[in-house]
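The values are calculated or read from the model by the stated rules, or taken from the named source; none is laboratory data. None of these values were measured; they are calculated from a predicted model. Please note: Cβ atoms are built from the backbone with ideal geometry, for glycine as well, and neighbour counts cover all protein chains shown.
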Amino acid sequence: MNRRAALRPVTSGERVFGIWLVVVSAMFFSTAGVFSKGVAADAWTIIFWRGIFAAACGFIYLLVIGRLRDEVRDFKAPSIAVSIVYASGTAAFIPAFKLTSIANVALIWSTAPVLAGLFAWWLFGQRVSFGFAMACAAVLGGTLVIVYGSFGGSGLVGDLLALWMTMMMVLIMMIYRRFPDTPSTLPTVAASILLLPISLYFSEPLAAAPAEIALMALFGVTFVIASITLAQGSKFVSPGETALLSISESPWAIILAMFLLAEFPSLQTVIGGTIIMAAVLWYQVTALRGS
């Protein structure tokens, strides 16, 4: 792999537009935990119904804006990669909420900026500073504190699934930044379709209550909006900055969980999350000032 792959320069207007898109994406993604834990259905049933409605909404959106033919034409190797990575991340994302707390998932997701920097070093050959190494160490320590609080129960599996999901989402940001012409909607649709047969094998989605199907349908709509805005925004903003903007969903996800589900973070989660957020914010602010 060429570790010095060139990135297309963006204008200041494109960058501002990209920032707003990523922030909108974060707001919609912050509802995922409430949707996942707000229904009694198992994780694979949620993945099935969310996938059905997400795929339908994606197709309708492309038809309405007249982009279906263009996205099909541009659906090449990077699009296939995004679809597979998205499917892998989704297969970990929903079960993570079922197995651990929303706060744990949200705060593990907060490691994304440092992971993005690590991936940028690996894929694009960007230099690694001493400050970045320090941030990596702090993020690793904070994550270990959170995971330590889950030892001895199913929460540990949920934490690890959340970490896998985070790596997959960061990888998607990298692909879009490296290949900005990659379609933003059709890969999301393809990812949803890829998971349908697997969901049918592991669950009985038709047994779900109609009221819960309605909630999962709404979940599918919010997922499409969040995914499209993230994909579009990632084309105009650096991977590290995209990840930093994306973690703005973490406090909102925790607040929604407390007010709507009465789910409060544990002491280990608070301590580990504080370490992660402080390290990430310190590193990103320092890096952006020096850029």
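Within the range 236-264, take every residue that is under 16 Å from residue 111 (Cβ atoms) and at pLDDT 85 or above and give me the one that is surrounded by the most Cβ atoms within 10 Å (Cβ to Cβ). Within the range 236-264, the match that is surrounded by the most Cβ atoms within 10 Å (Cβ to Cβ) is 254.
The set of residues in the range 66-118 being more than 18 Å from residue 178 (Cβ to Cβ) and aromatic (Phe, Trp, Tyr) consists of 93, 97, 109. Taking into account only those residues within the range 30-44 that are of a type in the set (Gly, Ala, Ser) and assigned to a loop (DSSP other than H, G, I, E, B), which is farthest from residue 261 (Cα to Cα)? Among residues in the range 30-44 that are of a type in the set (Gly, Ala, Ser) and assigned to a loop (DSSP other than H, G, I, E, B), the one farthest from residue 261 (Cα to Cα) is 41. In the range 75-93, the qualifying residues are those that are surrounded by fewer than 20 Cβ atoms within 10 Å (Cβ to Cβ), assigned to a helix (DSSP H, G or I) and not hydrophobic (A, V, I, L, M, F, W, C), and the one that is nearest to the chain's Cα centre (by Cα) is 88. Here is a check on your reading of the model: is residue 101 in contact (Cβ under 8 Å) with a residue 40 or more places away in the chain and touching a Phe, Trp or Tyr at 6+ places or on another chain (Cβ under 6 Å)? It is false that residue 101 is in contact (Cβ under 8 Å) with a residue 40 or more places away in the chain and touching a Phe, Trp or Tyr at 6+ places or on another chain (Cβ under 6 Å).
Report yes if some residue within the range 200-222 is among the polar types (S, T, N, Q), modelled with pLDDT of 90 or more and at negative phi; otherwise report no. The answer is yes, given that some residue of the range 200-222 is among the polar types (S, T, N, Q), modelled with pLDDT of 90 or more and at negative phi.
Which of the residues that make up the range 45-73 are surrounded by fewer than 20 Cβ atoms within 10 Å (Cβ to Cβ), of a type in the set (D, E, K, R) and assigned to a helix (DSSP H, G or I)? Within the range 45-73, 69, 70, 71, 73 qualify.
Within the range 20-44, the residues that satisfy the criterion of being among the hydroxyl-bearing types (Ser, Thr, Tyr) and either farther than 27 Å from residue 243 by Cβ or crowded, with 22+ Cβ neighbours inside 10 Å (or both) are 25, 30, 36. For the range 273-291, a residue qualifies if it is at pLDDT 85 or above and either surrounded by 16 or more Cβ atoms within 10 Å (Cβ to Cβ) or in contact with a Pro (Cβ under 9 Å, 6 or more places away or on another chain) (or both), and exactly one does: 275. The number of residues in the range 194-220 being surrounded by fewer than 16 Cβ atoms within 10 Å (Cβ to Cβ) and within 19 Å of the chain's Cα centre (by Cα) comes to 1. Here is a check on your reading of the model: is residue 24 in a helix (DSSP H, G or I) and not small (Gly, Ala, Ser)? In short, yes. For beta carbons closer than 7 Å, sequence separation of 6+ or different chains, a first residue in the range 176-197 that is closer than 13 Å to residue 85 by Cα and a second that is assigned to a loop (DSSP other than H, G, I, E, B), the qualifying pairs are 176/182; 176/235.
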